[in-house]
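The values are calculated or read from the model by the stated rules, or taken from the named source; none is laboratory data. This one's a predicted model, so the numbers in the text were calculated from it and none came from an experiment. Ideal geometry is used to build each Cβ from the backbone, glycine not excepted, and the neighbour counts take in all protein chains shown.
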């Protein structure tokens with residue numbers, strides 16, 4: 001079982017011809033509303049990979065929140081651990097025709113006390129997902145829980161290093177990794193010192209995994225025509241969690257997650273593009289089987305390289 005403790009959002013996606021600068025005004029080409037949030041998106045991605053999934057975020061006790069949770073349940077996510085005493089927050093996403101985006105998020109009401117309560121309920125064989133917004137405080141309440149942290153949202157080097165110390169697996173974007181931890185040598189040293197698998201993602205440029213034994217592995221992204229990259233990182237994190245929970249080795253889990261994240265970009269919305277495990281398997285096998293609709297090129301293939 002994987003427990004996802006993180007953001008739940010009501011997303012408003014606004015299509016714009018270009019991302020506006022300071023003081024600029026642009027005309028919206030469309031406005032769409034849907035479900036989102038880092039933790040909830042990742043939970044859906046994991047459920048579509050066939051994992052047993054619970055969502056343990058915070059929403060409200062209102063009709064909109066009930067619809068939000070009902071849609072999670074439709075995707076196979078158990079919502080019995082979701083707290084109802086807060087607010088379903090809103091995220092505004094500005095999206096250009098080529099898939100570039102800017103995101104304005106409302107802070108949620110998921111407290112350190114809530115994280116501690118969830119961590120205390122997680123079983124020894126379970127996996128706990130947290131986002132970077134919860135650190136460094138969450139590091140003090142995880143105890144021996146097996147955790148995966150998507151570091152998005154962490155603002156300080158102290159938060160990043162606390163997450164590395166507390167979690168078995170940490171996922172972070174390349175720019176954030178450089179800002180909070182440093183260059184590749186520093187990333188490798190941080191992973192080894194913490195005894196954690198550190199996965200650094202760079203969108204279409206691929207990914208790098210720094211292992212706790214000092215080894216490094218690099219993998220490619222797949223080549224797709226991007227329609228909407230919103231939620232691709234959440235899809236990567238959720239898929240990675242599902243594969244780790246399945247018993248897959250971290251390098252192969254990252255390889256699999258990179259394909260899922262690439263496929264998720266071929267459809268609009270934070271969740272609609274998240275593929276099933278069969279779709280990812282078909283793509284890797286070069287099959288014409290059930291993959292998300294939308295234009296895409298043949299895969300270059302996510303590949304593992306010899307350790308360097």
Being over 23 Å from residue 189 (Cα atoms), part of a loop (DSSP other than H, G, I, E, B) and over 17 Å from the mean Cα position of the chain (by Cα) is the filter here, so list the residues in the range 210-268 that pass it. 222, 223, 225, 226, 227, 247, 248
I'd like the full set of residues that are within 17 Å of residue 147 (Cβ to Cβ) and either touching a strand residue (DSSP E or B) at 6+ places or on another chain (Cβ under 8 Å) or at pLDDT below 95 (or both), limited to the range 231-245. 234, 236, 237, 238, 240, 241, 242, 244, 245
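Could you please let me know if residue 99 is touching a strand residue (DSSP E or B) at 6+ places or on another chain (Cβ under 9 Å) and in contact (Cβ under 8 Å) with a residue 24 or more places away in the chain?
Working: touching a strand residue (DSSP E or B) at 6+ places or on another chain (Cβ under 9 Å): no; in contact (Cβ under 8 Å) with a residue 24 or more places away in the chain: yes.
So residue 99 does not fit the description; no.
Go through the range 116-157 and count every residue that is farther than 24 Å from residue 250 by Cβ and touching a helix residue (DSSP H, G or I) at 6+ places or on another chain (Cβ under 9 Å).
Residues meeting the conditions: 6.
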Kindly check whether there is at least one residue in the range 157-174 that is surrounded by fewer than 18 Cβ atoms within 10 Å (Cβ to Cβ) and free of Cβ contacts under 8 Å to residues at least 12 places away in the same chain. no
Reported set for the range 64-80 where residues are surrounded by 19 or more Cβ atoms within 10 Å (Cβ to Cβ) and in a helix (DSSP H, G or I) is 65, 68, 69, 72
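Residues that are modelled with pLDDT of 95 or more and more than 27 Å from residue 99 (Cα to Cα), at least 3 per element: which helices (runs of 4 or more DSSP H) completely within the range 153-208 meet that? Full working, then the answer.
Details: elements: 157-166, 174-180, 184-194.
So the answer is 157-166, 184-194.
What about residue 267, is it at pLDDT 90 or above and surrounded by fewer than 24 Cβ atoms within 10 Å (Cβ to Cβ)? Break it down into steps so the answer makes sense when it comes.
Working: at pLDDT 90 or above: no; surrounded by fewer than 24 Cβ atoms within 10 Å (Cβ to Cβ): yes.
When the stated conditions are applied, residue 267 does not pass them.
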Matching entry among 46, 51, 42 (being under 17 Å from residue 110 (Cβ atoms), modelled with pLDDT of 95 or more and crowded, with 22+ Cβ neighbours inside 10 Å): 42
The range 81-144: strands (runs of 3 or more DSSP E) wholly inside it with 3 or more residues that are over 22 Å from residue 161 (Cα atoms) are 89-95, 101-105
Within the range 75-82, identify whether any single residue is more than 21 Å from the chain's Cα centre (by Cα), over 26 Å from residue 279 (Cβ atoms) and modelled with pLDDT of 95 or more, and answer yes or no. yes
